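Input: a single structure, listed below in structure tokens.
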Amino acid sequence: MKKILILPGDGIGPEIVAEAVKVLDRLRADGLEVELEQGLVGGAAYDAKGHPLPEDTLAQARAADAILLGAVGGPQYEALERPLRPEQGLLGLRAELKLFSNLRPAILYPQLAEASTLKPEVVSGLDLMIVRELTGGIYFGQPRGVRTLDNGEKEGFNTLVYRESEIERIGRSAFEIARKRGKRLCSVDKANVLEVTELWRQVMERVAKDYPDVELSHMYVDNAAMQLVRAPKQFDVMVTTNMFGDILSDAAAMLTGSIGMLPSASLDADGKGMYEPIHGSAPDIAGQGVANPLATILSVAMMLRYSFGQGEVADRIESAVGKVLDQGLRTPDIAAEGQASVGTAQMGDAVVAALD
Ligand code: IPM
Ligand code: MG
């Protein structure tokens, strides 16, 4: 029996995760062999235990076969010292579990072409995958901090550092994915300015020799940001550093109409993973029952596909989501101007019903 750790977290996290759990419960009733366990992370863990990633949560996470996470963070935690902030719960899980490969698909559901801020012809049929390095780069590089200079002025500093082995393993991860899709990989760097990403580019070239069937190209990150909004369909798979991937994946998400639609997977070398919607805790709408649960439900589909080898069940969830969109159900974030919308629980219930 596979074990899934459920970490609802903060803000809208508990509301959207509850809908994903409905889907899992329904699949279990149909014979899916998984058991669920709940845990605390982020601000919720800080409130209950004084730390965003308590020891017992980490132990639960290590023991689980996969993790479903809602979101972390909220304004009430912003004044805490950095190691106690909710985000550290998430970053700690990524680092401790060595979840170095972050897959962020951006797929436009045809039913939502009108919800994108871009023209329908620019985004219709969009299907791209961003592979973001998740446990290295400037997010984790040492030294880091804020120091006081001799003249009394403060200076903040972070370090962007990548080893060849780190670049190589995220490169391989991305080439493997590209091989199963359109066989085109675009590596995004800033090699014209940053030595570390010049090395990134060289290592990508080296790895490419093992994947002659995949076409590798390179793009500077500023151009990549522009191309994403100019002509996003030119991309199949993109691979990039932790911070560039953070930024580009938010941009890519918006192409699809709403960041509320997009799931993600963070995988270790053995395919164990943590799955989460790429949107955040949205404190502004938390508790109102209006958040879009589809990104979290689609994260369950990714879990079944990538960690449990249950591609068919994953397809079933994804087509159920397609069906509810066909039925015209929309949470406010994906509703067109003047279109009626449904709440979080109604949307979740509709997906469960559409699983039949
Ligand atoms: C993300 C988020 C996180 C990140 C934050 C919450 C630490 O923006 O998963 O993209 O920067 O990685
Ligand atoms: Mg982000």
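The values are calculated or read from the model by the stated rules, or taken from the named source; none is laboratory data. Since the structure is predicted, the reported quantities are computational estimates derived from the model, not experimental observations. Don't worry about glycine lacking a Cβ; one is built from the backbone with ideal geometry, like all the others, and counts go over all protein chains shown.
Here are Leu149, Leu128: which of them is crowded, with 21+ Cβ neighbours inside 10 Å, in the same structural domain as Met243 (by TED's automatic domain parsing) and more than 16 Å from ligand 2 (Cβ to nearest atom)?
Leu128
Quick check on my filter: what residues within the range 19-67 are among the basic types (Lys, Arg) and touching a residue at least 40 places away in the same chain (Cβ under 8 Å)?
Lys22, Arg26
Hey, could you check the range 89-99 for residues that are more than 12 Å from the chain's Cα centre (by Cα) and buried (at least 20 other Cβ atoms within 10 Å of the Cβ) and say which is farthest from ligand 2 (Cβ to nearest atom)?
Leu97
Between a first residue in the range 240-264 that is in the same structural domain as Gln227 (by TED's automatic domain parsing) and under 17 Å from Ile170 (Cβ atoms) and a second residue that is outside any strand (DSSP E or B) and more than 12 Å from ligand 1 (Cβ to nearest atom), which pairs have beta carbons less than 6 Å apart while being 6 or more apart in sequence or on different chains?
Taking only residues 6 or more apart or on different chains, the pairs are Phe244/Val221.
For the range 68-126, enumerate the residues that are part of a helix (DSSP H, G or I), without any contact (Cβ under 8 Å) to a residue 24 or more places away in the chain and of a type in the set (Asp, Glu).
Result: Glu121, single match.
Is it fair to say Arg201 is within 27 Å of Asp270 (Cβ to Cβ) and not aromatic (Phe, Trp, Tyr)?
It is false that Arg201 is within 27 Å of Asp270 (Cβ to Cβ) and not aromatic (Phe, Trp, Tyr).
Checking Glu37 against (1) part of a loop (DSSP other than H, G, I, E, B); (2) over 23 Å from Gly311 (Cβ atoms), only one condition comes out false. Which one?
Only one criterion in (1) part of a loop (DSSP other than H, G, I, E, B); (2) over 23 Å from Gly311 (Cβ atoms) is unmet by Glu37, namely (1).
Restricting attention to the range 336-354, report how many residues are in contact (Cβ under 8 Å) with a residue 60 or more places away in the chain and within 24 Å of the chain's Cα centre (by Cα).
Residues flagged as in contact (Cβ under 8 Å) with a residue 60 or more places away in the chain and within 24 Å of the chain's Cα centre (by Cα) within the range 336-354 amount to 7.
All but one of (1) farther than 30 Å from Gly13 by Cα; (2) in contact (Cβ under 8 Å) with a residue 12 or more places away in the chain; (3) in a strand (DSSP E or B); (4) away from ligand 2 (no atom under 16 Å from the Cβ) hold for Val188; state the number of the condition that does not hold.
Only one criterion in (1) farther than 30 Å from Gly13 by Cα; (2) in contact (Cβ under 8 Å) with a residue 12 or more places away in the chain; (3) in a strand (DSSP E or B); (4) away from ligand 2 (no atom under 16 Å from the Cβ) is unmet by Val188, namely (4).
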